[in-house]
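Worksheet: the structure to be examined is printed underneath.
Values in this text are rule-based calculations from the coordinates and carry no lab data. Owing to the predicted nature of the structure, the values given are computational and were not obtained by experimental measurement.
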Amino acid sequence: MVDKGVNITLKIIACFVLVNSGKIKALHALDKFEINQPEGMLFTPSGDLYIASEGNKQNPGRIMSVQLKSIRD
């Protein structure tokens, strides 16, 4: 793949959980003040989701936890 100077930036505004049938089971909106610039995400073995945001001189980076283990199909 060759990058011809066209860069695409995606902004995460929500995370959702799909069940095996493909239907949305849960939706968690992300507050732009809570997590302004998401940079990474991690699922734990127990099923929780952590989203990390980048910090800057005015605001520290943050880690947000979304408890997904209670959501079942």
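For this structure, a couple of remarks:
- Only Cα pairs under 8 Å and 6+ residues apart enter the sum, and on that basis the relative contact order of region 34-73 stands at 36 percent.
- Cα coordinate range in region 34-73, projected on the principal axes (Å, largest first): 41, 16, 10
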